[in-house]
Amino acid sequence: MDPQDTSLAELYKPHGLEARRSSDKVPTNVLRLTASVSLMKVDESQLVQLKIDDKKKYEDAITYIYAGTDPAAVHKPITVYKEKNANAYLVAGRYAAATDTHLKYTPLNEEDRKIVAEKLGSGKVIKFLSKEAASPP
């Protein structure tokens, strides 16, 4: 389909998207899409925190596990950190926000905890980030 075709904009309208051309900075054959999506506010009191300085205890490679029954679960991965030189994992939860000193995560429900433990496999030490185990802000 030719990007210059004005009917392309009509394809995006039913999905709440707007097709715009920016001739100043982007070639005319590239479309910029913007979505008008309202973002839900996260309840800060429900989040658990991991001190950014504490990440030194874990390997640089982060594992993401996808779990959940709702169709949007694929867009909300669960963050898992592996301890350096150990067969132990810290399951942080689903990423929610960050500050200068902490990463904030939504804790997992019991069903998701079981799925994560199953996917990581037996014989491993698995810790779940919680308010009690998290570093104070």
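The values are calculated or read from the model by the stated rules, or taken from the named source; none is laboratory data. Please read all numbers here as calculations on a predicted model, not as lab measurements. Note: ideal-geometry Cβ built from the backbone for every residue, glycine included; neighbour counts use all protein chains shown.
Within 17 Å of residue 54 (Cβ to Cβ) and without any contact (Cβ under 8 Å) to a residue 60 or more places away in the chain: does that describe residue 74? When the stated conditions are applied, residue 74 does not pass them.
Quick grid of which residues meet (1) out of contact with any Leu (no Cβ under 7 Å at 6 or more places or on another chain); (2) more than 16 Å from residue 129 (Cβ to Cβ); (3) modelled with pLDDT of 95 or more:
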| position | (1), (2), (3) |
| --- | --- |
| 37 | yes, yes, no |
| 42 | yes, no, no |
| 62 | yes, no, no |
| 67 | yes, no, no |
| 81 | no, no, yes |
| 86 | yes, yes, no |
| 96 | no, no, no |
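Mind checking which residues of segment 61-75 are of a type outside the set (D, E, K, R) and not in a strand (DSSP E or B)? Selection gives 66, 67, 68, 69, 71, 72, 73, 74, 75.
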